[in-house]
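The values are calculated or read from the model by the stated rules, or taken from the named source; none is laboratory data. Not measured: the values here are computed from a predicted model. All Cβ positions, glycine included, derive from the backbone under ideal geometry; neighbour counts span all protein chains shown. What goes into the accessible areas is simple: the full protein's heavy atoms, side chains included, and nothing from ligands, DNA or RNA. Shrake-Rupley method; radii C 1.70, N 1.55, O 1.52, S 1.80 Å.
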Amino acid sequence: MAKVHLWKRRRPAADAPDTPDSPQPEGAALSTLTQADRPEEADPGGDVDGTGRRPWRRRLLDSTPVTLLVAAHPRQGVVTALVIAAAALVAGRPAREAGIVLLTVLVGQAILGWHNDLVDRDRDAGHRTPNKPIADGRLDAGTAWYALVVALLLVIPLSISTGVTAGVLYLGSLVIGILGNVALRRGRLSPVPWAASFALYPCYLSYGGFGGSAEGDPPQVAMVVAAALLGVGVHFLRAIWGLVEDDQDGWTYLPLVLGRRLGATRLLVVSTTYTGAVVAALVVIGSTVGLRQ
C-alpha cells in the first residue's frame, strides 16, 4: 500500500563534534572554550546556547516543577477538566461540587500525561519529539514515577468525595486510560479505550453528589453513547499530529489506516467535522433529555 502524504516535523540537526585541525598541547583546550562553555565570562548578555535564553530562564524551564507540568500534557488536561466541570454545572451541580470535579479531573489527566510520556520515552527520544522532558533528559523518570504515585494517592479520595459510586466510575475511566497507553493503541482497536473512558464521564457526573455517601441517578443512555463517540473523535484529533512517527514505527491503528487513504489534511477535516457534530449532539441531548434518567 502506498504511503500517505503525512506531515513531517522538522527535526533539529545533530550537533557536529568538534574536530580540531591539529593536536593541541595539554591545557590548550581551556583557551578554546566557546561562549556557551563560559557564559558568565564570554557572554555578559546571558545568551548561553544561541537560542536567546538567558541562564535564569533556562534554569526555570529545566526546573523539576516546570518539566513535570510540561510532561503532564497541561493543555489537554485543562481543557478536559474545564469541559467536565462545566458539564457538572450545566447538569445542576453546585459550584463546590463542580470545583471538586475540576480538581479531580486535573489530577487524573496529569496521571495519564505522565504515564504516557514514561511509556513513550524511548520513542520520543528516537523521534526527537519536542516538549518531552522525560525523553530529552530534563526530567528524571524516577521523579515522574514518584509524582504519578503521589497523584494516584490524591485522586482516590478526590474521586470518592463526590460519592463512592461516582468515584469508582471515574477511577475506572482512569484505569482504562492507563491501560490504553500500553494496549490496543498500536492496532485497529485503538479507539476502544478512548470510547470506554469517555463513556464513563457522564456516569461519573450523573451518580455524583457531595460527600462519600452521595448517590445520584443513572445517566441517560444517549448521553453515554454520545460521550463514547466523542472519545473516538478526540482520539483521531490527538493522533493526527503523530502520524508520521507512528507510520515509521509500523503502527496500524485506525487513524493511521484512514490517514493512508485520505492524507493527513483530509483526515483532520473529517475528524474535526465529526467531533464538532458529536459535540452538537451532546448539547442537544443535554438540553432535551438531560444528563440523568
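Seen from Leu102, the other residues with C-beta closer than 12 Å to its C-beta sum to a net charge of +1, counting Lys and Arg as +1 and Asp and Glu as -1.
Here the Karplus relation 6.51 cos²θ - 1.76 cosθ + 1.60, evaluated at θ = phi - 60°, turns the backbone of the stretch 111-127 into coupling constants of 4, 5, x, 4, 5, 4, 5, 5, 5, 9, 4, 5, 5, 4, 5, x, 8 Hz, with x for every Gly and Pro. Extension gain for Arg58-Asn131 works out to 24.9 nm (0.36 nm per residue, less the C-alpha to C-alpha distance).
Would you mind calculating the gained length between Asp217 and Ala95 on full extension (0.36 nm times residue separation, minus the Cα-Cα distance), in nm to one decimal? Intermediate results must be reported in sequence, preceding the final value.
Numbers: separation 122, 0.36 × 122 = 43.92 nm, distance 1.92 nm.
Between Asp217 and Ala95, full extension yields an extra 42.0 nm.
Over the stretch 63-184, with every protein chain in place, what whole percent of the accessible area is carbon and sulfur at 1.4 Å, could you tell me? For the stretch 63-184, the apolar C and S fraction of the accessible surface comes to 72 percent.
Averaged per residue, what accessible surface does the stretch 148-205 expose to a 1.4 Å probe, in Å²? Provide the component values of the computation, followed by the final result.
Details: 2460 Å² over 58 residues.
Accessible surface, normalised per residue, equals 42 Å².
Phi angles of the stretch 96-107 translate, via the Karplus equation with coefficients 6.51, -1.76, 1.60 and θ = phi - 60°, into HN-Hα couplings of 5, 5, 4, x, 5, 4, 4, 5, 4, 5, 4, 5 Hz per residue; Gly and Pro are given as x.
Positive end of the dipole of the stretch 84-225 (Cβ unit charges, origin at the Cα centre): among Val155, Leu139, Ala110, the Cα lying farthest that way belongs to Leu139. Between amide H atoms placed 1.01 Å from N, distances below 5 Å from Arg292 occur with Gln220, all of them 5 or more places distant or on a separate chain.
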